[in-house]
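Shown next, in structure tokens, is the structure this report addresses.
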Amino acid sequence: MPWQPFSHCWRNNTVRRRWAAWLLALSLCPAFHAAAQASAGDQRTALAQHLSATLAQTQSFDDVFDAQVWLVDMQGRLASWIPDLEARLALLRLIHAQATQAGVSPELVLAIIDVESDFDRFAISVAGAQGFMQVMPFWKDEIGRPEDNLTDPHTNLRYGCQILAFYIARADGNLSEALAAYNGSSGSSVYPRKVRAAWQTHWKITPLDW
């Protein structure tokens, strides 16, 4: 059977029902819902609790076929950043798995990595944020995991995707608000615009509700 674009696959009702069921289950999770509804003053504590509850979970794919269709599409787009085919497929598998498990768009995660680190796993910002998704290292101590290595792709993506999921839920799905919070620039539209531009230019498959 020939490969088909991911956008075609997404129009399949079975695929859409699986995603809808996953997101519904996420929204009904008491711990996650409570964290997402926390007041601004309790945000750091709520996010720490969310990370503690989710980082130990095992990763899984609900539909391996869908993941492979996505990989075929995305690996071509990523080639200008990572020339080696096996290296970029390995990274894309991690991104797809961690984003899907966290309930966030894998394409949005790619756009964030594009803006944050230009796909440099060893990137460190002036503020000390590390890795692909520029995770602040204080979170390791906050949740009692000081041994975690944020330059390790799996670890960095796990933290980053769960932090992003928390902020999206807290913002009731408003991606611009969630992205500003993720970047530590709440109230500013500069960072969300950068991520949206990267998404539209390189990573867009299906629409996102901006």
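The values are calculated or read from the model by the stated rules, or taken from the named source; none is laboratory data. All of these numbers come straight from a predicted model, not from anything done at the bench. We place every Cβ from the backbone using ideal geometry, glycine too, and count neighbours over all the protein chains shown.
If we scan the range 74-95, do we find a residue that is within 12 Å of the chain's Cα centre (by Cα) and in contact (Cβ under 8 Å) with a residue 60 or more places away in the chain? Yes, the conditions are met somewhere in the range 74-95. The residues of the range 96-149 that are in contact with a Gly (Cβ under 9 Å, 6 or more places away or on another chain) and among the hydroxyl-bearing types (Ser, Thr, Tyr) amount to a single one, Ser117.
Looking only at residues in the range 62-85 that are among the acidic types (Asp, Glu) and modelled with pLDDT of 85 or more, the one that is farthest from His202 (Cα to Cα) is Asp84.
With among the hydrophobic types (A, V, I, L, M, F, W, C) and at pLDDT below 95 as the only criterion, which of Ile112, Ile168, Ile143, Ile124 stands out? After ruling out the rest, the residue left standing is Ile143. The residue list Gln130, Gln134 contains one member that is closer than 23 Å to Thr45 by Cα, at pLDDT 95 or above, in contact with a strand residue (DSSP E or B) (Cβ under 6 Å, 6 or more places away or on another chain) and not charged (D, E, K, R), which is Gln130.
Among the residues of the range 87-102 satisfying the criterion of being in contact with a Ser or Thr (Cβ under 9 Å, 6 or more places away or on another chain) and either among the small types (Gly, Ala, Ser) or modelled with pLDDT of 95 or more (or both), which is surrounded by the fewest Cβ atoms within 10 Å (Cβ to Cβ)? For the range 87-102, the residue satisfying everything is Ala97. Scanning the range 126-171 for residues that are more than 22 Å from Trp210 (Cβ to Cβ), under 16 Å from the mean Cα position of the chain (by Cα) and part of a helix (DSSP H, G or I) returns Pro153, His154, Thr155, Asn156, Leu157, Arg158, Tyr159. When the range 71-105 is filtered for residues that are in a helix (DSSP H, G or I) and more than 21 Å from Arg121 (Cβ to Cβ), the ones remaining, listed by number, are Val72, Asp73. For the range 181-206, the tally of residues that are aliphatic (A, V, I, L, M), in a helix (DSSP H, G or I) and within 19 Å of Leu110 (Cβ to Cβ) stands at 3. Considering each residue of the range 161-176 in turn, none proves to be touching a Leu at 6+ places or on another chain (Cβ under 6 Å), of a type in the set (Val, Ile, Thr) and buried (at least 18 other Cβ atoms within 10 Å of the Cβ).
The condition (being free of Cβ contacts under 8 Å to residues at least 60 places away in the same chain and under 21 Å from Ala67 (Cα atoms)) is satisfied by just one residue among Phe122, Phe138, Phe132: Phe132. Filtered by the rule that a residue be more than 13 Å from Leu175 (Cβ to Cβ) and either buried (at least 22 other Cβ atoms within 10 Å of the Cβ) or touching a helix residue (DSSP H, G or I) at 6+ places or on another chain (Cβ under 6 Å) (or both), the range 104-118 gives Pro106, Leu110, Ile113, Asp114, Val115, Glu116.
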